[in-house]
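All remarks here apply to the structure that follows.
The values are calculated or read from the model by the stated rules, or taken from the named source; none is laboratory data. These figures come from a predicted structure and were not determined experimentally. All Cβ positions, glycine included, derive from the backbone under ideal geometry; neighbour counts span all protein chains shown. These accessible areas exclude ligands, DNA and RNA; they are computed on the full protein's heavy atoms, side chains included. Shrake-Rupley method; radii C 1.70, N 1.55, O 1.52, S 1.80 Å.
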Amino acid sequence: MKSGKITKNDLIQWLKIHQKNFLVTERVAHHQPELLCDQSKEIKNIKEALFLPWDKLFNYHWENQKWNVENIQPSASPRFLMALPCETRAIYEVLDRVFLQPSETESGYAARRQGLKMVIVGCVNPEPTCFCHLVGGNPYWSHPDALFILPFHDEYYLETNLPEQFDIMEKGTTLNKAEKEEIEVLRKQMEEKANQEKLPEDVPQGLYDLFEDQEWEDLSWKCLNCGACTFLCPTCQCFDMSAEGRLKGFQLKTWDSCMFPKFTLHASGHNPRPTFKERVRQRVLHKFSYFPLREEGLYGCVGCGKCIEICPVNWNIREAVERMVKKIGNRS
Amino acid sequence: MFESILIDLAKKLLREKTVDLIIGYGSTHYPFRTEPIVINQEEQADALVWNPFCGNNLARYLKYYKNTQHKIALMVKGCDSRAVQVLLKEDQIKRDRLYLIGLSCPGLVNREKLQKQFPQASPEDFEWKETGWFYHGEQIDPELFLEKTCLRCRYPNPPEYDQLIGKLQTTSPYQTYQKDYLDPIDNLSSEERWDRWSKEMRKCIRCYACRNSCPLCYCQECFADSTQPQWVSPAPTPSDNFLFHLVRTMHMAGRCVECGACERACPVSIPIAQLPLKVEAIIREQFQFEAGTDQESAAPLLTYRENDPGDFVK
């Protein structure tokens, strides 16, 4: 791991050089507006960089008594993506696992992912709605393949395992022993706090066992079943396919939401999730039970709190999970 | 002060079995926010709150009870009461199943505006009295904080209610502030207006929070969800977003009660209420009609008169 520090001016200079290729999430732009350059692109939600709100997969037309299909090659240019630790975890620990499975790789996602260099900005200003520490994250979480930056004594701390990808490392100066220790202590404190508060290990199975619980009904009453939470969630990855055009058209892939009544509607007319209760339960259990049970305990939620922040009726996934967790084995 | 009257009333209604359940506002863990709650036990009534952050239009929840026998008490501000009247007129629920707890409302407070002005403030720093809003004992100008849709409110008092909480407002924000949310747009040229809305429509992610928070969007199948036939593509392109919002606006014509719930629900801050508000402004001027203000007059788009005005048809 290579680490160092850099002055604010030098960091901004570097950002300016690459600004045309920089995607910056709304959260970073909001917390640290100085990191947003004129020509860098602000995105609402980190997943937009890889998993497009809508995408054309192939064109088709009927001609000479047969279907002619023309594939659309996904294209992507190398880019930088600057985001908070929670948002970045959504890519490394959730979306990559879903879309880059060796057996089923999603080609568009893979193409965009390949050239993407991640810049993680340590979170110094958590929102009241945040809860990354409950789901295995912490405000200084980083990934060795990314560039991690953190405001540090009027300067910025830098760290990465891939210095060849981030030429900014050449400009960095090395930390002295005291500074190194200071960073380590800060990190340790964050990690320990997060470890203490993390949801207990039996939560995924425990919630699974509460599938039929009456409480889901109460929890779901106020939900409007709009898709605001799922569309702004960095980890929600469900999509829908539709053919746009009868004899000539294209295959369309769009974001979909388990909150929508038609999400699971079968062609027969049967809907296995007919009411609010089933749909709300699905959103909670997919993130807090099915995903961790399948993916070595990793939660499908990164605790960024965006869904809580924007919910029109203040439906609170953290509160819902904590309420259900209390019921596991009748914890008091 | 208002809350204790409200809670006493709620307890009485449940104790005497005047109603089976009460749909109201409850507090949340986060400051300056409330949530819709439903209660059916007397002891749950203490959870009810009434403050300037009660932004949801609770008439929206009546559709859940359309086919039940429950007698329902509903907390209604002026706009919510208007929504109930439209629902009654459209035969979505019967009046004798409703008990309307009327709330005299000086206007809702916009959380972002408030937090910008008082970044460190907590709800305890404020006091809401009949004479106005106070921060540490000092009166503050509500105009600075009111929701844009509330600044033009003409009905701070519910036109219909069974019991009123607080005193009737003697003036409306519309009279007091003389500001219309629509003025800045009306003053734009049509090209500027097109550019502005194109920009707003690009922001839309089509989560349908606006539609789903609306008390009067109760279609069993929304045209936007229909796949056979498909009227609008599921892709959130600017043109499909326009189509969705404009068709929804036309469906609301003569029915919108100007509550602004759609705009408050929008997670990407599109000033979406302006579309139906503009249509209602035209209807007010051309047909001298305001949705939900009485039980008798027919909605302009549901009736025909030979002398109907047509100046707005271009």
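Determine if region B:160-176 includes at least one residue that is surrounded by fewer than 16 Cβ atoms within 10 Å (Cβ to Cβ), in contact with a strand residue (DSSP E or B) (Cβ under 7 Å, 6 or more places away or on another chain), modelled with pLDDT of 90 or more and polar (S, T, N, Q).
Within region B:160-176, one or more residues are surrounded by fewer than 16 Cβ atoms within 10 Å (Cβ to Cβ), in contact with a strand residue (DSSP E or B) (Cβ under 7 Å, 6 or more places away or on another chain), modelled with pLDDT of 90 or more and polar (S, T, N, Q).
Answer with yes or no whether residue A:219 is at the interface with chain B (Cβ under 7 Å from one of its Cβ atoms), over 18 Å from residue A:291 (Cα atoms) and either open to solvent by less than 30 Å² (accessible area, probe 1.4 Å) or at pLDDT below 95 (or both).
No: the conditions fail for residue A:219.
Assuming residue B:3 fulfils every condition listed in (1) touching a Ser or Thr at 6+ places or on another chain (Cβ under 6 Å); (2) assigned to a helix (DSSP H, G or I) apart from one, which condition is it?
With respect to (1) touching a Ser or Thr at 6+ places or on another chain (Cβ under 6 Å); (2) assigned to a helix (DSSP H, G or I), residue B:3 is out only on (1).
When you go through B:127, B:143 one by one, which is the residue that is in contact with a Phe, Trp or Tyr (Cβ under 7 Å, 6 or more places away or on another chain), closer than 14 Å to residue B:107 by Cβ and in the same structural domain as residue B:76 (by TED's automatic domain parsing)?
Going through B:127, B:143 in turn, just one is in contact with a Phe, Trp or Tyr (Cβ under 7 Å, 6 or more places away or on another chain), closer than 14 Å to residue B:107 by Cβ and in the same structural domain as residue B:76 (by TED's automatic domain parsing): B:143.
Among the residues of region A:50-99, write down those that are small (Gly, Ala, Ser), crowded, with 18+ Cβ neighbours inside 10 Å and without any contact (Cβ under 8 Å) to a residue 60 or more places away in the chain.
The answer is A:83, and nothing else.
Considering only residues that are modelled with pLDDT under 90 and either within 30 Å of residue B:154 (Cα to Cα) or under 20 Å from the mean Cα position of the chain (by Cα) (or both), which ones fall in region B:187-229?
The answer is none; no residue qualifies.
Listed here are the residues, each with its yes/no results for (1) of a type outside the set (Val, Ile, Thr); (2) open to solvent by 40 Å² or more (accessible area, probe 1.4 Å).
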{"site": "B:112", "(1), (2)": "yes, yes"}
{"site": "B:115", "(1), (2)": "yes, yes"}
{"site": "B:120", "(1), (2)": "yes, yes"}
{"site": "B:128", "(1), (2)": "yes, yes"}
{"site": "B:133", "(1), (2)": "yes, no"}
{"site": "B:146", "(1), (2)": "yes, no"}
{"site": "B:149", "(1), (2)": "no, no"}
{"site": "B:152", "(1), (2)": "yes, no"}
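Would you check if residue B:68 is within 26 Å of residue B:126 (Cβ to Cβ) and either away from every other protein chain (no Cβ under 12 Å) or touching a residue at least 12 places away in the same chain (Cβ under 8 Å) (or both)?
no
Has region A:225-241 got any residue that is out of contact with any Asp or Glu (no Cβ under 8 Å at 6 or more places or on another chain), open to solvent by less than 40 Å² (accessible area, probe 1.4 Å), more than 23 Å from residue B:265 (Cβ to Cβ) and away from chain B (no Cβ under 11 Å)?
Checked region A:225-241: at least one residue is out of contact with any Asp or Glu (no Cβ under 8 Å at 6 or more places or on another chain), open to solvent by less than 40 Å² (accessible area, probe 1.4 Å), more than 23 Å from residue B:265 (Cβ to Cβ) and away from chain B (no Cβ under 11 Å).
Would you check if there is a residue in region B:42-65 being under 15 Å from the mean Cα position of the chain (by Cα), within 14 Å of chain A (Cβ to nearest Cβ) and charged (D, E, K, R)?
yes
If you take the residues in region B:27-83 that are under 27 Å from residue B:120 (Cβ atoms) and either aromatic (Phe, Trp, Tyr) or out of contact with any strand residue (DSSP E or B) (no Cβ under 9 Å at 6 or more places or on another chain) (or both), which one is most open to solvent (accessible area, probe 1.4 Å)?
Here the answer is B:29.
Tell me yes or no: at least one residue of region A:35-49 is open to solvent by 50 Å² or more (accessible area, probe 1.4 Å) and of a type in the set (A, V, I, L, M, F, W, C).
Yes: one or more hits.
Please go through region B:3-26 and pick out each residue that is small (Gly, Ala, Ser), more than 18 Å from residue B:70 (Cα to Cα) and either surrounded by 14 or more Cβ atoms within 10 Å (Cβ to Cβ) or modelled with pLDDT of 95 or more (or both).
Matches in region B:3-26: B:26 only.
Results for (1) under 15 Å from the mean Cα position of the chain (by Cα); (2) surrounded by fewer than 22 Cβ atoms within 10 Å (Cβ to Cβ); (3) part of a loop (DSSP other than H, G, I, E, B), shown as yes or no for each residue.
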site: A:110; (1), (2), (3): no, yes, no
site: A:118; (1), (2), (3): yes, no, no
site: A:125; (1), (2), (3): no, yes, yes
site: A:134; (1), (2), (3): no, yes, no
site: A:138; (1), (2), (3): yes, no, yes
site: A:143; (1), (2), (3): yes, yes, yes
site: A:148; (1), (2), (3): no, no, no
site: A:151; (1), (2), (3): no, yes, no
site: A:158; (1), (2), (3): no, no, no
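Answer yes or no as to whether residue B:181 is open to solvent by less than 60 Å² (accessible area, probe 1.4 Å) and either among the hydroxyl-bearing types (Ser, Thr, Tyr) or within 14 Å of chain A (Cβ to nearest Cβ) (or both).
yes
If we keep just the residues of region A:183-212 that are free of Cβ contacts under 8 Å to residues at least 24 places away in the same chain and of a type in the set (D, E, K, R), which is most open to solvent (accessible area, probe 1.4 Å)?
A:212
Which one of the conditions (1) facing chain A (nearest Cβ under 10 Å); (2) open to solvent by 20 Å² or more (accessible area, probe 1.4 Å) does residue B:209 fail to meet, given that it meets all the rest?
Result: residue B:209 passes all but (2).
From the list B:198, B:213, which residue is over 30 Å from residue B:105 (Cα atoms) and either among the hydroxyl-bearing types (Ser, Thr, Tyr) or without any contact (Cβ under 8 Å) to a residue 40 or more places away in the chain (or both)?
None of the other options fit; the residue is B:198.
Out of curiosity, is residue B:287 farther than 17 Å from residue B:152 by Cα, among the aromatic types (Phe, Trp, Tyr) and in the same structural domain as residue B:200 (by TED's automatic domain parsing)?
So residue B:287 passes the test.
What single numbered condition from (1) in a loop (DSSP other than H, G, I, E, B); (2) over 23 Å from the mean Cα position of the chain (by Cα); (3) within 30 Å of residue A:289 (Cβ to Cβ); (4) modelled with pLDDT under 95 fails to hold for residue A:175?
(3)
Among all residue pairs at least 6 apart or on different chains, which show Cβ distances below 8 Å where the first residue, located in region A:114-137, is of a type in the set (Asp, Glu) and the second is open to solvent by less than 10 Å² (accessible area, probe 1.4 Å)?
Matching pairs, first to second residue: A:127/A:305.
Quick grid of which residues meet (1) part of a helix (DSSP H, G or I); (2) touching a Lys or Arg at 6+ places or on another chain (Cβ under 9 Å); (3) not β-branched (Val, Ile, Thr):
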position: A:39; (1), (2), (3): no, yes, yes
position: A:47; (1), (2), (3): yes, no, yes
position: A:52; (1), (2), (3): no, yes, yes
position: A:55; (1), (2), (3): no, yes, yes
position: A:59; (1), (2), (3): no, yes, yes
position: A:88; (1), (2), (3): yes, no, no
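Inside region B:231-282, can you point out the residues that are in a loop (DSSP other than H, G, I, E, B), under 26 Å from residue B:172 (Cα atoms) and either out of contact with any helix residue (DSSP H, G or I) (no Cβ under 7 Å at 6 or more places or on another chain) or assigned by TED's automatic domain parsing to the domain that holds residue B:172 (or both)?
Once the filter is applied, which keeps residues that are in a loop (DSSP other than H, G, I, E, B), under 26 Å from residue B:172 (Cα atoms) and either out of contact with any helix residue (DSSP H, G or I) (no Cβ under 7 Å at 6 or more places or on another chain) or assigned by TED's automatic domain parsing to the domain that holds residue B:172 (or both), region B:231-282 yields only B:269.
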